[in-house]
């Protein structure tokens, strides 16, 4: 009996694996021929990254050498592309006129790298990262001393390419459109850690960077120009922006093609004699670019080709990054979704971030950074849809802990720990030392345990364990102590500790804070994010980039949201002074934009109420044109400096209170503070500017300036307390700036000055501003910070900054369809 | 009389996913009021009617954290996946979810 003829188009991993699956089941059924476009035997494309990095050689990654083809009686037509399929005659036509007949045909044509259609994309030195030729070109480029590479694409492949090039001695920068690396596999927290780890390995990243043009010199790539105007010089440019199923042959042959060659669960195309497998297929609307699904497809295909029943039902994906020393794992719904809950664990000391996503009491996904040892275990739990309710408490600690404690309740589990089990990793304190101290020293509270044993005194992540030990040792005598109030539910750290650590550890970004302080949510909440944003801004002026998505809407759009979703606009009137020109401009704006309400505020300025969001930039442009800037009436920052007319006009005025008010406002405007700050300067003790119910108030007297702090006239009514008295206007300015800076550095977010004062004490503030050196240092820090703060946010937005904030995404649905 | 078989949802391309900043939102005006499209920190997108179930506050102007948005008017937290208030306000009404699909990086907003 003659054998059936099986032809495979594609000598890659999928094609050869499919053949192996057939041979395994029925070695004698087919006469097999394989066409391959590359002039080589079959190799493991996944391992190209280690070859590039010099960690493996080509020989190491060959899957099937020539002997395999020979021994299995397979004819390999290497370097011959198939040009057409005649489905009627069941014949394939290859390069050079070769024609072969088939009974069954497998398309395993793989995928092509996407080449961005940038100007200059055809220059020499612009490559993709797909096959061994690309790798050879990259290795050759790296051989030039001092050579630089830019990789477009911060996905798995792009990162591996950049890492490989750095290992080859090049300087490499990854340019990524999104602001999270590998955003399809990682959440922002893990992406941040990855960027930091890569930086340590010498791979730079440019996130949120849009490529505009590839710049050339003498026909060769010389750099990549970004949309922000910068050009990154390079001698090699790698495009690693993704792959596209190669379905050209299938399409030309009249098979059903979507994004890829459409197949059913038996891997058959719309022609039952033709199957397809691997990266070229589209199965249930899904295309795959990873190896595990290909193996699963090949199994189903092997079964179908040998007359057995099998169905491929789609794959659940997991990813590991192949960069030595950077442990990254991701699977499933790593970012959660409807009805999902997160369990987050961070170990700042070891640089570990783990997030396991649960859905209906089962693992639905996971992302692990820094310690991915349990990736396979989570993936297993996920694929087998194991009910994890009973191991939930320990799930995040991984398989060995969980298996070790299975069946025990958490308190019993702690009781069951051996005496030499380490509880506090930071200070190396084991269980016996803690329980021993509780008994011998008669410790009753968490604070006492911290003081005596140091356990839970550093990062605090073992606090729950220590509390359980107290409970287990003391029984009912232990009542959980309330430590400092946490910033929010995302952390057990209070404001004080958070601020201290930001400075002490040099934490300069929000993900850095959340990792170091072991936040228990992936990206914080509406309470902690604005607080952290402020703390970072205050700690690192000029360095930290304000995160507008962590700003309350008023500070994000520089106007006050009203109950109907419109906004109010309050231009600054320095010290409460205005002019005919300003008033005329305001009147014109009111007419032009039909602003419904104009109101005089308590802070001596004018409020325009009911402005539509879309109109804000145009309103500001007109106010700017008349010389007015934002009044920050919306800010946790300096609001107004209210004044009376003072010695200029008033027959009782002792000093130039208006002048001092204007001077203070012109120096201090734009500063961000923990909560709003209102100032006033009264020209005499009659106090017409009501300075003694402001956050900081000045009352001028014949002999100088009384400086008062801690007033409030809102939810609470409180008069100020006299802080100090100074002789000159200069000193008054220094002192007020110093108080403000002390408050900026020590206040908790949303804590007004009077509350800060109640917490730290008037004497502490007094000591800081009365010591000339401390006052000077505080003033200098304030002045430095102001260099980056005195910028009119309205003018910036009029000039086009963040236009997306003010324009609708699309107006295409604005009117009903005809 | 009308024998046409229709896609029950009419889709409109309203822009690219990357037109919305991470942890940000944009609004799309429609004849029946604004729709808010959110993009969370992990890159997922959601669409809700741009009105809080509490007092109709524009959710597109809130702070986005996890898969939730906090309304700018009175700080209700709304679950982006189903439009329901979370925490203490659970069960007090619901914001309608608007059909949204992503195809090739484009946002397709549905008119149900």
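A compact table of results
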| quantity | calculated |
| --- | --- |
| For the range A:1-130, alpha-carbon Rg over 2.2 N^0.38 Å | 1.21 |
| Pairwise label distance in nanometres, residue A:310 with residue A:725, each label 7 Å out on the Cα-Cβ vector | 9.4 nm |
| Residue-averaged beta-carbon neighbours from other chains (10 angstrom radius) around B:41-50 | 5 |
| Cα pair distances in the range A:126-241, grouped into 5 Å bins until the bin that holds the longest one, percent each | 2, 13, 24, 25, 20, 12, 3, 1, 0 |
| Cβ neighbours within 10 Å from other chains - mean over B:56-65 | 6 |
| Overall Cα dimensions of chain A, principal axis frame, Å, largest first | 121, 76, 61 |
| Cα-based convex hull volume of the range A:495-551 per residue, rounded to whole Å³ | 71 Å³ |
| Mean Cβ count within 10 Å, highest first, over the residues of peptides A:715-727, A:183-195 | A:183-195, A:715-727 |
| Taking the range A:126-241 and dividing mean pair separation by its residue count, relative contact order in percent (alpha carbons under 8 Å, at least six apart) | 32 percent |
| Extent along principal axes [Cα atoms of the range A:428-575; Å; largest to smallest] | 66, 34, 34 |
| The protein assembly as shown, helix-only ellipticity at 222 nm - DSSP H runs n ≥ 4, -39,500 (n - 2.57), divided by all residues, nearest 500 | -8000 deg cm²/dmol |
| Rough spin-label spacing in nm, given labels placed 7 Å along Cα→Cβ, for residue A:93 and residue B:55 | 7.5 nm |
| Extension reserve of the residue A:564-residue A:760 stretch, reckoned as 0.36 nm per residue once the Cα distance is removed | 66.6 nm |
| Highest to lowest packing among A:586-598, A:163-175, A:140-152, scored as the average C-beta count within 10 Å | A:163-175, A:140-152, A:586-598 |
| Extended-chain gain in nm, criterion 0.36 nm per residue less alpha-carbon gap, residue A:598 and residue A:415 | 59.1 nm |
| Gained length - residue A:78 relative to residue A:196, 0.36 nm times residue gap less alpha-carbon distance | 38.2 nm |
| Gyration tensor (Cα) of the range A:1-43, equivalent ellipsoid semi-axes in angstrom | 20, 12, 6 |
| In range of the label at residue A:341: residues from the range A:364-378 whose backbone nitrogen is under 20 Å from the point 7 Å along Cα→Cβ | A:364-367, A:378 |
| Computed FRET value (nearest 0.05) for residue A:57 with residue B:45, which takes r as the C-beta separation and R₀ as 51 Å | 0.70 |
| Efficiency of FRET between residue A:508 and residue A:264 - r from beta-carbon atoms, R0 41 angstrom, step 0.05 | 0.20 |
| Residue order, fewest to most beta carbons within 10 Å, for A:218, A:496, B:84 | A:218, A:496, B:84 |
| Equivalent ellipsoid dimensions for the range A:701-818 as semi-axes, Å, which come from the Cα gyration tensor, largest first | 42, 19, 14 |
| Relative contact order of the range A:638-786, defined on C-alpha pairs under 8 angstrom at six or more residues apart (%) | 19 percent |
| On Cα atoms only, tilt of A:431-440 relative to the major axis of chain A in degrees | 30 degrees |
| Number of partner chain Cβ atoms within 10 Å, mean per residue of B:26-39 | 4 |
| Helix A:495-504 axis, angle to chain A major axis (alpha carbon atoms, nearest 10°) | 70 degrees |
| With Cα atoms, 0 to 90° folded angle of helix A:291-305 axis to chain A main axis | 30 degrees |
| The range A:212-254 - Rg over Rh from alpha carbon coordinates, Kirkwood radius | 1.26 |
| Estimated FRET transfer efficiency (residue B:18, residue A:273; beta-carbon r; R0 51 Å; 0.05) | 0.75 |
| Inverse of mean 1/r across different Cα pairs in the range A:638-786, Kirkwood, Å | 14.9 Å |
| Protection-proxy order for peptides B:9-22, A:105-118, each taking the mean of Cβ atoms within 10 Å per residue, highest first | A:105-118, B:9-22 |
| Pair residue A:220, residue A:422: separation of 7 Å Cα→Cβ label points (nm) | 5.2 nm |
| Cα centroid separation, the range A:777-792 to the range A:603-678 (Å) | 18 Å |
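FYI, it's all coordinate maths here, none of it is from the lab. This structure is a prediction, so every number in the text was calculated from the model and none was measured. When we count neighbours, we look across all protein chains shown, and the Cβ atoms used for this are built from the backbone with ideal geometry, even at glycine.
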